[in-house]
Structures are given as C-alpha cells and as structure tokens.
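The values are calculated or read from the model by the stated rules, or taken from the named source; none is laboratory data. Note that the structure is predicted; figures quoted are calculated from it, not measured. Here the Cβ positions follow ideal geometry from the backbone for every residue, glycine too, while neighbour counts run over all protein chains shown. Ligands, DNA and RNA are stripped out before the accessible areas are found, and what is left, the full protein with its side chains, is counted by its heavy atoms. Shrake-Rupley method; radii C 1.70, N 1.55, O 1.52, S 1.80 Å.
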Amino acid sequence: MRLHRCAEIGCHELIKLGFDYCDKHYQLRMNSYHARLKQSEELQSKTLRGQHDKTLHDRQYNETVRPELGHEFYRTKQWKRISEYIKQRDMYVSSVDGRVYGKGDLIVDHIIPRRLLNTMAEQYDVSNLWLLTKAQHNHKTAIENKMSDNKLKHLSRDWWIKILKD
C-alpha cells in the first residue's frame, strides 16, 4: 500500500493516497470549516438580502417538503380557526410559564401528539390543545421523540408543565 505524509505542516503521520490529512487534522479542519460557515450564515441573516433568501427558502420548504411530512393539517382553515380560538381563549399566555407573549411567539400544541389520535374530532379537541412558546414546543418535541407512544398517550398537562418548567 502506498502512503504519504499528512498535508498539515509539521505532521509526519503517514496516510493512504487519496487523502490529504490524517484523521486528527481532518477533524480539526472540518470543525473550523463548520464554525466559519455558521458565523457566515449568522452574518448573512442580518442583511436584507440574507433575510430575503431565508424567506424564499422557507417558502419553498413549506410548499414542497412539509406536505410530504404530513404538515398540511396545519394549513387547513379549520385548524387556523381553532388555533386562533385557543390563543384567544388562553389570552396569549403560555401554559407553562404563565407569561403573556406576542401573537407570533406562541404555538398551539397538542398535549397528546396528533399522530396518536385516531379521528379528526380528537385532533381538533380543544381540551387537548394548549399554548407553548417556540422554545417550549421544541423542548417538548425533543422529549416526545425519546418516549414510547404508549407512554405519551397517558401523560397529563400537569406532568408536561412540571417537566417543561425545569
């Protein structure tokens, strides 16, 4: 097998042909690359052009990818009406921390996940709906992904409040 030295200055490790860097230096370079890429994206999102590009990307994602994931439910007139009703019923107050938020800062969420509900009537049941901030919703979703469906069916609103407050 033919070998050559790592391209990093001062590194004398031998690696296979076809690779430029040893594993250690390759990982360092990739970490550096991802950090620079993230910094560049953050800077771009602060410009008008970057915000415009993000809006276009989000629009394209919503039109092509989301329907495939089963999110068309959230675009129906009935869901929009019920979600607005829940926001007004709860007076734009988060169900977890009891703070008032702006109209766009809250998400109407199913306490028992929608995929576990059998009928449309259950999916639109207002007793299974509550308001969460985006951060609380993301935290709840992450926890749901780690739990079994059987356990999720039996979790109460109070249990979720206790977990999400921590």
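Go ahead and set up a Gaussian network model of the chain, Cα springs under 10 Å, then flag whichever of G102, G18, G50 fluctuates most. Most flexible of the set in this elastic network: G18. Pairs of lysine residues in the range 8-115 that meet both criteria, 8 or more places apart or on different chains and Cα atoms under 26 Å apart, total 13.
Quote to one decimal, in nm, the extra length available between C11 and Q88 on full extension: 0.36 nm per residue of separation minus the C-alpha distance between them. Write down the numbers at each step before the final one.
Details: separation 77, 0.36 × 77 = 27.72 nm, distance 6.39 nm.
Additional length available on full extension: 21.3 nm.
Quick one: pull the percent of accessible area on the chain belonging to carbon and sulfur, 1.4 Å probe, ligands and nucleic acids left out. Show your work: numbers first, answer last.
Values: 6440 of 12210 Å².
Exposed carbon and sulfur together represent 53 percent of the surface.
In a reduced charge model with +1 at each Lys and Arg Cβ and -1 at each Asp and Glu Cβ, the range 110-166 shows a dipole moment near 180 debye about its Cα centre. For the options S95, S156, S40, a Gaussian network treatment of the chain with springs between C-alpha atoms closer than 10 Å singles out S40 as fluctuating the most. Membrane-span-like helices in the chain, defined here as complete DSSP H runs extending at least 15 Å along the helix axis by their C-alpha atoms with mean Kyte-Doolittle hydropathy no lower than -0.5, are absent; this is a sequence and geometry rule, not a statement about a membrane. With K and R counted +1 and D and E -1, the other residues having a Cβ less than 15 Å from that of L164 yield a net charge of +2. Of the residues I112, M147, Y85, the one whose Cα sits farthest toward the positive end of the charge dipole of the range 53-166, with +1 on the Cβ of Lys and Arg and -1 on the Cβ of Asp and Glu, is Y85. No cysteine of the chain lacks a disulfide-compatible partner when judged by a Cβ distance under 4.7 Å.
Given springs between every Cα pair under 10 Å in a Gaussian network model of the chain, which of D90, D149, D20 has the largest fluctuation? Taking springs between Cα atoms under 10 Å, the residue moving most is D20. Per-residue ellipticity at 222 nm computed for the chain from its helices equals -16500 deg cm²/dmol, with DSSP H segments shorter than 4 residues left out and the rest contributing -39,500 (n - 2.57). The string of couplings for the range 93-103 from the Karplus curve (6.51, -1.76, 1.60, θ = phi - 60°) is 10, 5, 6, 8, 9, x, 9, 7, 10, x, 4 Hz, one whole number per residue in order, with x for Gly and Pro.
Calculate, for the range 88-140, the solvent-accessible area per residue in square angstrom, rolling a 1.4 angstrom probe over the heavy atoms of the protein chains.
Numbers: 2780 Å² over 53 residues.
With the other protein chains kept in place, the range 88-140 gives 52 Å² per residue.
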